[in-house]
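Notes for the one structure printed next.
The values are calculated or read from the model by the stated rules, or taken from the named source; none is laboratory data. All of these numbers come straight from a predicted model, not from anything done at the bench. For neighbour counting, all protein chains shown are included, and Cβ atoms are generated from backbone atoms with ideal geometry for every residue, glycine included. To get the accessible areas, we keep the full protein, side chains included, count just its heavy atoms, and leave off ligands, DNA and RNA. Shrake-Rupley method; radii C 1.70, N 1.55, O 1.52, S 1.80 Å.
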Amino acid sequence: MSVIASLTRPALRLALTTWGRRSLSRRSGTHLVEGLSAHVKVLRDRWGVPHIYAESTRDAFFAQGYVHAQDRLFQMDLRRRAAMGMLSEVSGPNALPTDRFSRTLGLHRSARADWTGAKQEVREAFQAYADGVNACMGAKKWKLPMEFSLLGYRPRPWEPADSMSFARLMTWQLAFGWHGELVRARLRDAVGAEAASEWDFHYPVANPVTLPSGVMSRDLEQAAPLPIVRGTLGTGGSNAWAIAGERSETGKPILCNDLHLFVSSPSVWYENHIVAPELEVTGASLPGIPAVLVGHNRHIAWGITAAFTDCQDLFAERFDGGDSRRYESMGRWVDAEVIEESIAVKGRDEPEPLQIAITRHGPLVADGPAGSDLRFALSAVALTGPGDAGGWIALNRARDWREFTDALRQVHSAQLNVVYADVEGNIGHRLTGRVPVRAAGDGTVPAPGWSGDHEWVGWVPFEEMPHALNPPQGVVVSANNKIVPDGYPHHLGNVWMNGFRAARISEVLAGHPKISAAVCRGLHADVVCIPGREFARRTSVLTSDDPDVRTAVGLLQDWGGKLDGRSPAAALFEVARHHLIRTVLAPVEDPDVSAGLTGVGPNQVLAPGNELYGNDLVAVFRMLDNPESWWMKRAGGSEAALATSLKDAVEWLRAELGPKPSKWRWGAIHRVRFPHPIGLRPPLGEVFDRGPYPIGGDMDTPAQAGLAPNRPYDARAACPSYRQVIDLANWDASVAIHAPGQSGQIGSRHYDDLLKRWRRGEYHPMLWTREQIEANAEARMRLDPAAPSRT
């Protein structure tokens, strides 16, 4: 940093923080707003969480929109712009690839259909939420967050379709299946089918499945389970687990969830507590959408993880070489639907034209091999299934397993594991999102779209989707791992994450006959890496005269796989892992293919990762055991590949961190940053971003801190964005945390006040009773109905 920069950046931070304080809206006193039917009280606790007390559900969602806008309006505006392909209008041409991709997917088109087809209850909730957002923006003495001034624009009024658009974006980002097909197809073209097959995913047999007994329920009135499929007993980007009362210290269930997403400033999540005559719910919400996504109400608690069911397929479409719109379909030529759109771009007088072609399978998202007439169309449940809003609103109200099930029956598009517990002592699991039934094929590579032989011919019936109520082992663990054993009668895909997080969680829980909330909190912070243990075991038998290799083997010899931020062995393993995979992938000349095989997605904003993430080391372990491996032969053999990776790692660490191995700490090269979107404009990142901070873990530890394979070694991928430990014996004993804070405005003390707790693995209480909330309230706001203004 230059001398001038070192002097000016603190001054800039002070100036912008002062400006931010002056831009804060009032969090206390009485606010007269149009659109309410009765007064609403909002008590903000000392962690910045608003507790909303309303006389009706409609007014409660109105108030939720109001407080979301108070704290997160700029974030909300960027979210709807990302979903609607309108970022370039305020960010300039650098956002054009994201806008083109978003519009090609048609998230905004799906959202319009969602709004048109929404049930009355959903329409009322989303309209009330939008009215609350707009009431906040129109409030007396309201000041826009400074980010709007820095970018030079004002947000337009909020519409219900904006919330629907962002909901579609979140559904899309938690769905997987198509990009791995494209990567596999291109790998086959490059090295041949036999060599490419060594990268196929095979779920490690030692790792657990979520529902080892398949699909089963134990009726509340029956003592015996009623299995449809039986398997052997046994037990992302997220973790969730439920502990039955007979396994917990309290005698009542414990439900835990940590949601692994990209962390940012402001936080992905916003904690809300909503109280109305027919609704009381608390937990994590998404600014831009009404209701609570994970948390608990008076009767039940729930958490979610991405299911990694394969509900996306690519279809290779054969186009008429002389006509870019005509493609072959079951022996005849038909015209693709073509949509003409234009994208406004900041700094340009003319908009950017965009032509979107859609076949009967979906939008065209990629070109085929060079010189061919093939293009790839995407079929995706996340883009075409009915909207899910009604299911989430019903889930907020659910009182028992049956109402929970009825609510999730309405979640058609989001592919999620939902883990359940209730005050009566039950635990369970249900899978959401439609899963296609394919006429032929398994969705691992693009299907010939012209033949009609690989169509989606239906959906797995909801009643036959994986679910369990009160499983006999007394624990449900979900960590993006395989859901059911191989005997399950329907094809759910083969794009699970590798299961090592689930294995470690199960290992720890199995070691405690009675499980406490403290054990669960410890698991949230657990950084033991099972693949690290395996790597150390494999390298322990190496014999080499090379001093660097001997140094590496010695460091790993007594290491237990713990990826502590202070550990030199952890740093060595991760750097060696990266070099090993890079060495094995050396024959792949196309950088997009090699990046895709390590989990890099097609778009940094809308699809930064793909379903192959974490499979690379699993595949390489298999290759190391295969003396005939095409890849290992080109790497000089298994022992040479391992020795080379260790030597390369030692050389890299010595160059970066110095000659003493004791200084090679994992946290020195593995750091987490909470970037703000406006921080992309130097030097604003110095003001709005938080971090970097040293952090332990990686993509395979329960406390996930994922690496971006193309940009090692910082934690640029999924991290614990929200954690909750819910005690069904005592709601007041439940805790949660997210980071950096509740507010998105830099002048607020709640912009980053939760960050230290998050970094230390600590929490704040999820206040529930009015007495608790009053005792911890730092601001009291009253929203009163105002007479409609005359126009």
Notebook entry, point to check: Can you give the convex hull volume per residue for the Cα atoms of segment 619-720, as a whole number of Å³?
Noted result: 150 Å³
Margin query: As a test of the formula, what do you get for the chain when each DSSP H run with n ≥ 4 contributes -39,500 (n - 2.57) and the sum is divided by the residue count, at 222 nm and rounded to the nearest 500 deg cm²/dmol?
Written below: -10000 deg cm²/dmol
Next item on the list: Along Cα→Cβ, 7 Å out, is where each label goes; now give me the distance between the ones at D625 and D400 in nm to one decimal.
Entry: 4.7 nm
Checklist line | For L32, distant residues with modelled amide H under 5 Å away | finding: D784
Next item on the list: May I ask you to list the aspartates and glutamates whose Cα is less than 19 Å away from that of K663, ignoring any residue fewer than eight positions away on the same chain?
Entry: D548, D558, D564, E574, D648, E651, D714
Next item on the list: Using packing as a proxy for protection, rank 592-603, 291-302 so that the peptide with the highest average count of other Cβ atoms within 10 Å comes first.
Entry: 291-302, 592-603
Next item on the list: Go ahead and run the numbers for FRET between E507 and A777, Cβ-Cβ distance against an R0 of 45 Å, rounding to 0.05.
Entry: 0.60
Check: For segment 667-791, what class follows from the C-alpha gyration tensor (a ≥ b ≥ c being the square roots of its eigenvalues): rounded when a/c is under 1.5, otherwise prolate if a/b is larger than b/c, else oblate?
Finding: oblate
Notebook entry, point to check: What residues qualify as long-range amide H neighbours of I515, i.e. H under 5 Å apart, gap of 5 or more or another chain, H built at 1.01 Å from N?
Noted result: S248, E249
Next item on the list: Roll a 1.4 angstrom probe over the protein heavy atoms and tell me the percent of accessible area of segment 385-480 that is carbon or sulfur.
Entry: 50 percent
Notebook entry, point to check: In square angstrom, rounded to the nearest 10, how much accessible surface does Y613 have for a 1.4 Å probe?
Noted result: 30 Å²
Checklist line | Quotient of C-alpha Rg and 2.2 N^0.38 Å, computed over segment 411-529 | finding: 1.30
Margin query: Quick check on the chain: of the DSSP beta bridges with both residues there, what percent are antiparallel, nearest 5%?
Written below: 90 percent
Next item on the list: Once you have all Cα-Cα distances for segment 533-572, histogram them in 5 Å bins from zero and send the whole-percent values.
Entry: 5, 27, 34, 20, 10, 3
Item checked: Length gained when the stretch D545-M330 is fully extended (0.36 nm per residue, less Cα-Cα span) -> 71.1 nm
Item checked: For peptides 304-313, 488-497, 76-85, sequence by mean Cβ density within 10 Å, most packed first -> 304-313, 76-85, 488-497
Notebook entry, point to check: Under 27 Å from the Cα of K140, which lysines turn up, not counting those fewer than eight places away in the same chain?
Noted result: K41
Item checked: Residue order for T57, T210 - accessible surface, 1.4 angstrom probe, largest first -> T57, T210
Item checked: Phi to ³J(HN,Hα) by Karplus 6.51 cos²θ - 1.76 cosθ + 1.60 over segment 613-623, Hz, x for Gly, Pro -> 4, x, 7, 4, 6, 4, 5, 5, 4, 5, 5
Note to self: Modelling each spin label as a point 7 Å along the Cα-to-Cβ direction, I'd like the R9/R46 distance in nm, to one decimal.
What the structure shows: 3.3 nm
Item checked: Residue-by-residue Karplus 3J(HN,Hα) for segment 674-682, coefficients 6.51, -1.76, 1.60, Hz, glycine and proline x -> 10, x, 9, x, 6, x, 5, 9, x
Notebook entry, point to check: Per residue, how much accessible area does the chain have with a 1.4 Å probe, in Å²?
Noted result: 38 Å²
Checklist line | D526 - accessible surface, heavy atoms, 1.4 Å probe, Å² rounded to 10 | finding: 20 Å²
Notebook entry, point to check: What's the FRET efficiency of A786 with E246 using the Cβ-Cβ distance as r and R₀ = 51 Å, to the nearest 0.05?
Noted result: 0.40
Check: Which order, highest average first, do 264-272, 558-566 follow once you tally other Cβ atoms within 10 Å for each residue and take the mean per peptide?
Finding: 264-272, 558-566
Check: What is the diffusion coefficient of segment 1-155 in µm²/s, taking the Kirkwood radius over Cα pairs and the Stokes-Einstein relation at 10 °C with a viscosity of 1.306 mPa s?
Finding: 88 µm²/s
Notebook entry, point to check: HN-Hα J couplings of segment 538-550 from phi, Karplus 6.51/-1.76/1.60, θ = phi - 60°, integer Hz, Gly and Pro as x?
Noted result: 5, 7, 5, 9, 5, 10, 8, 8, 6, x, 5, 5, 5
Notebook entry, point to check: Setting aside same-chain residues fewer than 8 positions from K756, which aspartates and glutamates have a Cα under 14 Å from its Cα?
Noted result: none
Next item on the list: Sort segment 565-684 into rounded, prolate or oblate with this rule: let a ≥ b ≥ c be the square roots of the eigenvalues of the Cα gyration tensor; rounded if a/c is under 1.5, and if a/c is not under 1.5, prolate when a/b is larger than b/c, oblate otherwise.
Entry: oblate
